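Enquirer: Quick one: structure below, then a few questions.
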Amino acid sequence: MSARPYEVKVAGHLDDHWSGWLGGFTIDRRPNGTSTLSGTADQARLHGVLAGLRDVGVELIALQAIEPVDSVEVAAPAPAAVGWPLRTRRLMLRAATCDDAEGTWAYRRLPDVNEWLTGTFDTYDDYVTQFTDPDRLAATVIVERHDATLIGDFMLRRQDAWAQSDVAARAAAQEVELGWVLDPAHAGHGYATEAVEELLRHSFEELCVHRVVASCFTANVTSWRLMERLGMRREAHTRRDAFHRSGQWLDSFGYALLADEWRRDRTDSGGLTSR
């Protein structure tokens, strides 16, 4: 398909330095707090721009093809980033779609899974509304075995690292937050470890971020042991900072891993860090 002029409207103000990352599109910052990217692209290049927006964690508001092509509003998250799906020895990790709501609801509604989750839902319709929220969907990674069995949904959210205002541009999109939910029917086989290790590799090798973080309740032993097994460092133990639906204030752990630590650990261990 031939190249066409497009305008892409996104939430927030993008600095001009992102233009090269986003296909060379011109960036126009609007007074209402949005930015408009303008440029000419064929479908492959356009998908690359949308993938770049997803990688930097920018919310897509609308995509418009300029005349003579009729305008089309797109009320959907950007397509999966370049490099997806990811494949490991036993698993495939791919971008979530609205169609994955049913498969994830099957295990997320289980009491022993929902024990540690932020949200609980009384009905499937309520869950679908939350699962298909564009921001939520854009950060969700579906984990499948090679036989296409859905075994979990993980989170990969790229975000800005904290920085002083005069150097904030250098910290933009330099941190990834990870999270994970595994169907208990598939626990005990090392799938979560294998999937998170691949998300760490993707974050540091392909997204080239500086730091990856994750957190959990201290009572969620399975989760924090997974982080330590993968070489993540416990940076915080917050006391009774989170109110649980059981009516109790619970402690939390915060873990992190830096890019240079990850590279060093892989060199020392010859691959997967085991601790």
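The values are calculated or read from the model by the stated rules, or taken from the named source; none is laboratory data. The structure presented is a predicted model; accordingly, all values stated were derived computationally and were not measured. No Cβ is skipped: glycine too gets one built from the backbone with ideal geometry, and neighbour counts run over all protein chains shown. Surface areas here come from the heavy atoms of the whole protein model, side chains and all, with no ligands, DNA or RNA. Shrake-Rupley method; radii C 1.70, N 1.55, O 1.52, S 1.80 Å.
Enquirer: Taking the residues in the stretch 250-263 that are out of contact with any Gly (no Cβ under 8 Å at 6 or more places or on another chain) and assigned to a helix (DSSP H, G or I) as candidates, determine which candidate is surrounded by the most Cβ atoms within 10 Å (Cβ to Cβ).
Expert: Checked the stretch 250-263; the qualifying residue surrounded by the most Cβ atoms within 10 Å (Cβ to Cβ) is Ala259.
Enquirer: Separate question: Of everything in the stretch 23-45, what is modelled with pLDDT under 80 and within 26 Å of the chain's Cα centre (by Cα)? Give them in sequence order.
Expert: Gly23, Gly33, Gln43, Ala44, Arg45
Enquirer: A follow-up question, please. Taking the stretch 35-60, which residues are of a type outside the set (Gly, Ala, Ser) and in contact with a Gly (Cβ under 7 Å, 6 or more places away or on another chain)?
Expert: Once the filter is applied, which keeps residues that are of a type outside the set (Gly, Ala, Ser) and in contact with a Gly (Cβ under 7 Å, 6 or more places away or on another chain), the stretch 35-60 yields Arg45, Val49, Val58.
Enquirer: Condition (residue is touching a residue at least 24 places away in the same chain (Cβ under 8 Å), surrounded by 13 or more Cβ atoms within 10 Å (Cβ to Cβ), out of contact with any Lys or Arg (no Cβ under 7 Å at 6 or more places or on another chain) and over 30 Å from His17 (Cα atoms)) applied to the stretch 155-178: is it met by at least one residue?
Expert: No, the stretch 155-178 contains no residue that is touching a residue at least 24 places away in the same chain (Cβ under 8 Å), surrounded by 13 or more Cβ atoms within 10 Å (Cβ to Cβ), out of contact with any Lys or Arg (no Cβ under 7 Å at 6 or more places or on another chain) and over 30 Å from His17 (Cα atoms).
Enquirer: Does the stretch 1-22 hold any residues that are part of a helix (DSSP H, G or I), loosely packed, with under 12 Cβ neighbours inside 10 Å and either more than 26 Å from the chain's Cα centre (by Cα) or not charged (D, E, K, R) (or both), and which are they?
Expert: His17 - this is the single residue of the stretch 1-22 that is part of a helix (DSSP H, G or I), loosely packed, with under 12 Cβ neighbours inside 10 Å and either more than 26 Å from the chain's Cα centre (by Cα) or not charged (D, E, K, R) (or both).
The rows are residues; the columns are (1) under 22 Å from Leu182 (Cβ atoms); (2) in contact (Cβ under 8 Å) with a residue 12 or more places away in the chain; (3) open to solvent by less than 80 Å² (accessible area, probe 1.4 Å).
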{"position": "His202", "(1), (2), (3)": "yes, yes, yes"}
{"position": "Leu207", "(1), (2), (3)": "no, yes, yes"}
{"position": "Leu230", "(1), (2), (3)": "yes, yes, yes"}
{"position": "Thr238", "(1), (2), (3)": "no, yes, yes"}
{"position": "Gln248", "(1), (2), (3)": "no, no, no"}
{"position": "Asp265", "(1), (2), (3)": "no, yes, yes"}
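Enquirer: On to the next question. Among what's in the stretch 163-199 and is in a strand (DSSP E or B) and aliphatic (A, V, I, L, M), pick the residue that is farthest from the chain's Cα centre (by Cα).
Expert: Leu182
Enquirer: Now, a different point. Just to verify a result, which residue in the stretch 92-116, among those that are open to solvent by less than 30 Å² (accessible area, probe 1.4 Å) and out of contact with any Ser or Thr (no Cβ under 9 Å at 6 or more places or on another chain), is farthest from Ala62 (Cα to Cα)?
Expert: Val113
Enquirer: Another question, then. Filter the stretch 49-67 for residues that are acidic (Asp, Glu) and more than 17 Å from Leu137 (Cβ to Cβ) and give the result.
Expert: Glu67
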